[in-house]
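*Asks:* Below you will find the structure I want to go over with you.
Every read-out reported here was derived from the displayed coordinates using simple, explicitly stated rules and does not represent laboratory data. All of these numbers come straight from a predicted model, not from anything done at the bench. Neighbour counts are summed over all protein chains in view; Cβ atoms, including those assigned to glycine, are modelled from backbone coordinates with ideal geometry.
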Amino acid sequence: MNLHIFRTNDDLNEAAAGLFASQLRVKPASVFGLATGSTPIGIYDKLAEWHSAGRVSFARAYSFNLDEYVGLPHHHPESYLRFMEEKLFSRIDMPESHRHIPDGNAESLDEECRRYDELMEDYQTDIQLLGLGHNGHIGFNEPDKSLRSGTHVVELKEDTRRANARFFPSLEEVPTSAVTMGIATIMKAKTILLVVRGADKAEIVHRALTGPITTDCPASLLQVHPSLVVMLDSEAGRLFA
Ligand code: F6R
């Protein structure tokens with residue numbers, strides 16, 4: 001594991017975006033696994049800024065998002081499709097046909113999960129960007145007695161819905177389920193970049209990276225990944241000092 005703790009969030013964003021930029025320089029047709037939520041926003045801002053300054057191009061790159069809520073209309077302000085459009089895709093040059101997000105409105109969600117897995121079989125993710133849930137989830141792989149390997153539908157835990165309620169008018173409006181990439185798909189990425197910010201995640205990130213490897217904390221499985229890069233702000237990194 002390669003652990004970095006940054007003094008400022010800007011330094012963190014710069015380093016994380018730098019990893020994407022170096023990857024693109026080496027391989028313009030890179031495949032990125034992308035995340036939503038508040039964690040990646042500053043990194044996407046940096047990449048958009050560098051793109052408009054002519055420093056990076058995604059013209060030949062591909063992306064696969066980790067997850068999507070079930071049942072939110074595509075145009076809903078909190079759908080991950082809309083999030084990605086606003087925060088990244090409308091600001092860079094990745095062709096629309098290269099961008100992939102599971103469809104949480106598919107008529108058959110089981111078929112959609114199969115379709116997403118089959119599609120991903122033709123690609124090898126170069127960098128998988130991950131945020132971390134307060135309960136140790138990655139993607140929407142929630143703590144449980146067992147974890148699923150491929151893309152699947154998951155019922156969101158109450159604490160996850162509560163954490164995400166900050167983006168919705170009320171808790172009742174937070175979807176109760178989501179489609180998520182499974183653990184095996186995430187672990188297949190050549191490099192995993194785990195980014196964690198904020199004092200409220202100091203304990204869980206410390207437990208995930210130094211505690212027992214257990215399905216009670218899905219992120220703990222990352223300990224066995226051969227190329228794990230962890231970037232923390234100083235608050236999230238407090239317990240590593
Ligand atoms: C988002 C995702 C989630 C988030 C996690 C942290 O696509 O898969 O695992 O990364 O819930 O969310 P934030 O960044 O909002 O704290």
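*Asks:* So how far, in whole Å, is the C-alpha centre of the range 1-59 from the one of the range 173-241?
*Replies:* Using only Cα atoms, the two centres lie 18 Å from each other.
*Asks:* For every other residue with a beta carbon closer than 14 angstrom to the beta carbon of LEU194, add +1 if it is Lys or Arg and -1 if Asp or Glu, then tell me the sum.
*Replies:* Combined, the nearby Lys, Arg, Asp and Glu give +2.
*Asks:* A follow-up question, please. Sorting check: for 200-209, 21-30, which peptide has the highest mean count of neighbouring beta carbons within 10 Å, and how do the rest follow?
*Replies:* My ranking of the peptides, most packed first, is 200-209, 21-30.
*Asks:* Length gain on complete extension for the stretch SER227 to GLU203, per 0.36 nm per residue less the alpha carbon to alpha carbon distance?
*Replies:* That works out to 6.4 nm of additional length.
*Asks:* Return the FRET efficiency for the residue pair GLU78, GLU49: r is the Cβ-Cβ distance, R0 is 30 Å, and the value is rounded to the nearest 0.05.
*Replies:* Given R0 = 30 Å and the Cβ-Cβ separation, E is 0.75.
*Asks:* Enumerate the amide H contacts of ASN65 below 5 Å, restricted to partners 5 or more residues apart or on another chain; note that Pro and chain-start residues carry no placed amide H.
*Replies:* Counting only residues 5 or more places away or on other chains, the set is LEU34, HIS100, ILE101.
*Asks:* Please give the FRET efficiency for GLU107 paired with ILE213, using the beta carbon to beta carbon distance and R0 = 51 Å, rounded to the nearest 0.05.
*Replies:* Between GLU107 and ILE213 the formula returns 0.85.
*Asks:* With θ set to phi - 60° and the Karplus curve 6.51 cos²θ - 1.76 cosθ + 1.60, what are the ³J(HN,Hα) couplings of the range 130-144 in order, to the nearest whole Hz, using x for Gly and Pro?
*Replies:* 10, x, 10, x, 4, 9, x, 6, 10, x, 10, 7, 7, x, 6
*Asks:* A further question on this structure: Taking 0.36 nm per residue of sequence separation and subtracting the Cα-Cα distance, how much length would be gained by fully extending the chain between SER22 and GLU173, in nm to one decimal?
*Replies:* Answer, rounded to one decimal: 50.4 nm.
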